[in-house]
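Remarks on the structure that follows.
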Amino acid sequence: MRAMWLEIRDELVGILREPTALFFSVLMPVGFFTFFVAMFGEAWENAGTAMIVPFGTFGVLAVVLMNPGIGMADAHQRGWLRVKRVSGIPLWMTIAAKVIASIPYAVAVLAAITASAVFVGDMRFDAGEVAVVFAVLVLGVLPFAFFSVAIGSRVGANAAAAILNAILMPSAIVSGLWFPYEMLPEAIARIGSVLPTYHLARLAMAPVDGGAWLGHLLVLAATAAVGAMVATMAYRSARL
Amino acid sequence: MLLAVHDLRHTYGDEVALAGVDLSVDAGEFVALLGPNGAGKTTLVRSVIGLIQPTSGSVRVAGGSPARAEVRRRLGVVQQDVGFPSTLTVREIVEGAAARAGAGKDRAKAAMTEMGLADLARRRASNLSGGQQQRLQLAMGLVADPALLVLDEPTVGLDAASRKAFWATLEERRNRGTGILLTTHIVEEAAALADRIVVLHKGRVVAEGTPSELQRTLPGRRVTARTSVPAEVLRAVDGVVSVTASDGEVDIAATIAEPVVRTMLELDPTTSDLVVATAPLDDVLIALTNETKEMVA
Ligand SMILES: Nc1ncnc2c1ncn2[C@@H]1O[C@H](COP(=O)(O)OP(=O)(O)OP(=O)(O)O)[C@@H](O)[C@H]1O
Ligand SMILES: [Mg+2]
């Protein structure tokens, strides 16, 4: 328990002391969102929470896909990961600490997006509803951190950033996080519906539009299981 | 037995790094692992600390496999080519290592002082110099009071004062019952500190013993003389390992001196300035790991 806390603390301290990575993964989604709100805010005035869901999903994904993996790759490259492995810190703890440490990050992104909607877009939300959506997004996004860690344990920091970005951007578009499906070709919607990122967005929308949630939850649970397995395998077989 | 390595083999692709190594370290025993570049020292160390899964053979640390995290926690390790995060300070790293081992901040402080890091405690670890980072690794390794220290070229990059302090620390730990496995290229270091020296070459143990045993049983001789006998002739003589010749002076390294001395005197009775000496241990070991001629049958 204490060891776990130490791992998480080191991760959090790392994030706070080297905030450039944070800056970009928070700034980009928030910046995009603010831009959209400023441009089209009027048309969305009554959309309320519904409009922060897709951007919120993109925001937490950006953080949780990018950060643990880049941190892992950096530690790997430096040879610090070898020190950790040898000092008897169990594998699951190294991975779990990276995943858990990205939670405050994800919350920060959501808070920034909401603040932007309120102050720039002049929008009103039901606080309870927003809280539920936040909780769903923050917990629901965690499975994606495993894939981030998996990639980070195999390649260098720059490569990790490039690869993770190359995964993040297309999946965000195809999952309808940037533009609603009504604006996109049907083929994209069909591809999107098999992506776990799409199911995360749908799950976060459920408390708002009263849609079904169980199927989406199951997809995310399966994603978590596969992700944990992939991360474990990748780290274990990584040439440290 | 603290460390028991049995018939250890490891290949990287088709590069054979370890070709069947047996090795043991007891509590309170200091074993030095010597060998030229590429001999397999680091590969052996990495198997012992659980960083690689060897191709075959077994490694037991205090009876357990180093693949298990709780077994690794009994080790104090210095590895080659590690780096530290740019986000943590020296103190945070050493205190973290202490806390993970169930020790308090006082022990962390003692380890930092012991390794001369007290003044650097607030520095970011990645900003330390090479030798300082090496000392930080040592402090991390010592703070847990490990049963076995596994040190891969720990004195590389240390200045003379730090090296002396480090040797004293090792000696003191050994006397308190800690087992030590240390790799080095410096023969004098091994001879001065170790209870036992193991010489690794091309993935095999080619010699093993106490420093004085090695000196005795590896009969290294150095023969110098002024003679007209050509170097090629001398090289073919039984027991000769290498010959350097210039201006009629020859310098011969050999396992035994008599055959080459006899040959010289027979072929050139005017041979003069003949000196036969015991070769220093490092010459013996260089000869032992020389590619051109095998010294041990
Ligand atoms: N990751 C690797 N992939 C392929 N070959 C490797 C790898 N690591 C080591 N080798 C090879 O295995 C052999 C043993 O290497 P090792 O690093 O164990 O030697 P060493 O005795 O530690 O050398 P040094 O004194 O230079 O540190 C060498 O021939 C080396 O080229
Ligand atoms: Mg080495």
Shape category assigned to the range A:170-240 from the gyration tensor of Cα positions, a/c cut at 1.5: oblate
In terms of Cα to Cα distance under 18 Å, which lysines are near enough to A:LYS84, apart from those fewer than 8 places away along the same chain? A:LYS98
Excluding ligands and nucleic acids, what accessible area in Å² is computed for A:TYR181 using a 1.4 Å probe, to the nearest 10? 50 Å²
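Per the helix-only calculation at 222 nm, which mean residue ellipticity applies to the protein assembly as shown, given -39500 (n - 2.57) for every DSSP H run of n ≥ 4 and division by its residues, nearest 500 deg cm²/dmol? Walk me through the numbers on the way to the answer.
Details: 22 runs with 295 residues, N = 537.
Value at 222 nm, helices only, nearest 500: -17500 deg cm²/dmol.
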From phi via Karplus (6.51, -1.76, 1.60), per-residue ³J(HN,Hα) for the range B:79-84 in Hz, x at Gly/Pro: 9, 7, 6, 9, x, 10
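Per the 1.4 Å probe, what fraction of the accessible area of the range B:216-284, in percent, lies on carbon and sulfur atoms? Intermediate values should be presented prior to the final figure.
Numbers: 1930 of 3750 Å².
Carbon with sulfur: 52 percent of the solvent-accessible area.
Excluding ligands, DNA and RNA, what is the accessible area buried between chains B and A, summed over both sides, using a 1.4 Å probe, to the nearest 100 Å²? Walk me through the numbers on the way to the answer.
Numbers: alone 14250 and 11880 Å², together 23920 Å².
The summed interface area works out to 2200 Å².
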Listed residues A:ILE89, A:ILE100 arranged by accessible area, highest first, probe 1.4 Å: A:ILE100, A:ILE89
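Identify the trypsin sites (Lys or Arg not before Pro) of the range B:147-221 meeting these criteria: DSSP loop state and at most 15 other C-beta atoms within 10 Å of the C-beta.
Values: sites: B:ARG163, B:LYS164, B:ARG173, B:ARG174, B:ARG176, B:ARG196, B:LYS202, B:ARG204, B:ARG216, B:ARG221; in loops: B:ARG176, B:LYS202.
Sites meeting the loop and neighbour criteria: B:ARG176.
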Three-way shape call for the range A:63-211 based on the alpha-carbon gyration tensor, with the a/c threshold at 1.5: prolate
Restricting to bridges with both residues inside chain B, how much of the DSSP beta-bridge set is antiparallel, in percent to the nearest 5? 65 percent
Taking springs between alpha-carbon atoms closer than 10 angstrom, which of B:LEU234, B:LEU267, B:LEU138 fluctuates most in the Gaussian network model of chain B? B:LEU267
Assuming 0.36 nm per residue, please report the length gained on full extension of the stretch B:ASP119 to B:GLN80 beyond their Cα-Cα distance. 11.6 nm
The range B:80-195 shape via C-alpha gyration tensor axes, a/c threshold 1.5: oblate
At a 1.4 Å probe radius, which order do B:ILE286, B:ILE256 fall into by accessible area, largest first? B:ILE286, B:ILE256
For B:65-73, mean number of other protein chain Cβ atoms within 10 Å: 3
Residue of B:ALA69, B:ALA110, B:ALA39 that the Gaussian network model of chain B assigns the largest fluctuation, springs spanning Cα pairs under 10 Å: B:ALA69
Heavy-atom accessible surface, probe 1.4 Å, ligands and DNA/RNA ignored: which residues of the range B:93-128 lose at least 30 Å² versus the isolated chain? B:ALA99, B:ARG100, B:ARG124
Tell me, what is the per residue accessible area of chain B in Å², probe radius 1.4 Å? 44 Å²
Keeping all protein chains in position, work out how much accessible area A:LEU214 exposes to a 1.4 Å probe, and write it in Å² to the nearest 10. 100 Å²
Nearest-10 value in Å² for the accessible area of A:ARG9, using the 1.4 Å probe: 80 Å²
Quick check: at a probe of 1.4 Å, how many percent of the accessible area of the range B:98-172 sits on carbon and sulfur atoms? 49 percent
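Quick one: net charge around B:ALA111, please, counting Lys, Arg +1 and Asp, Glu -1 for every other residue with C-beta under 15 Å from its C-beta.
Details: positive: B:ARG91, B:ARG100, B:LYS105, B:ARG107, B:LYS109, B:ARG135, B:ARG173, B:ARG176; negative: B:GLU92, B:GLU95, B:ASP106, B:GLU114, B:ASP119, B:ASP145, B:GLU172.
Residues close to B:ALA111 contribute a combined charge of +1.
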Suppose each label sits 7 Å from its Cα in the direction of the beta carbon; what would the B:ASP145-B:ARG216 distance come out to in nanometres? 3.8 nm
Note to self: C-alpha centroids of the range A:48-69 and the range B:73-143 sit apart, in Å, by 37 Å
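Apply 1/(1 + (r/R0)^6) to the Cβ-Cβ distance of B:ALA277 and B:ALA168, taking R0 = 45 Å, and write down the FRET efficiency to the nearest 0.05. Could you put the intermediate results ahead of the total?
On the way: r = 32 Å, r/R0 = 0.72.
Calculated value: 0.90.
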Could you give the distance between the Cα centres of the range A:217-234 and the range A:105-153, to the whole Å? 21 Å
Here the residues of the range A:14-39 whose accessible area is at least 50 Å² smaller with all protein chains than in the chain alone (probe 1.4 Å) are A:ARG17
Where labels lie 7 Å past Cα in the beta-carbon direction, separation of A:ALA159 and A:TRP213 in nm: 4.1 nm
With a 1.4 angstrom probe the carbon and sulfur portion of accessible area for the range A:66-181, in percent, totals 72 percent
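Multiply the residue gap between B:SER246 and B:ARG176 by 0.36 nm, knock off their C-alpha separation, and tell me the result in nm, one decimal place. Write down the numbers at each step before the final one.
On the way: separation 70, 0.36 × 70 = 25.20 nm, distance 5.23 nm.
That works out to 20.0 nm of additional length.
Can you say what percent of the DSSP beta bridges in the protein assembly as shown, counting only those with both residues inside, are antiparallel? Round to 5.
Working: 37 of 55 bridges.
Close to 65 percent.
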A:PHE40 versus A:ALA222, label points 7 Å from Cα toward the beta carbon: distance in nm? 3.1 nm
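The values are calculated or read from the model by the stated rules, or taken from the named source; none is laboratory data. Because the structure is a prediction, the values reported are computed rather than measured. As a convention, Cβ positions derive from the backbone with ideal geometry for all residues, glycine included, and neighbour counts pool all protein chains shown. In case anyone asks, the SASA skips ligands and DNA or RNA and just uses the protein heavy atoms, side chains included. Shrake-Rupley method; radii C 1.70, N 1.55, O 1.52, S 1.80 Å.
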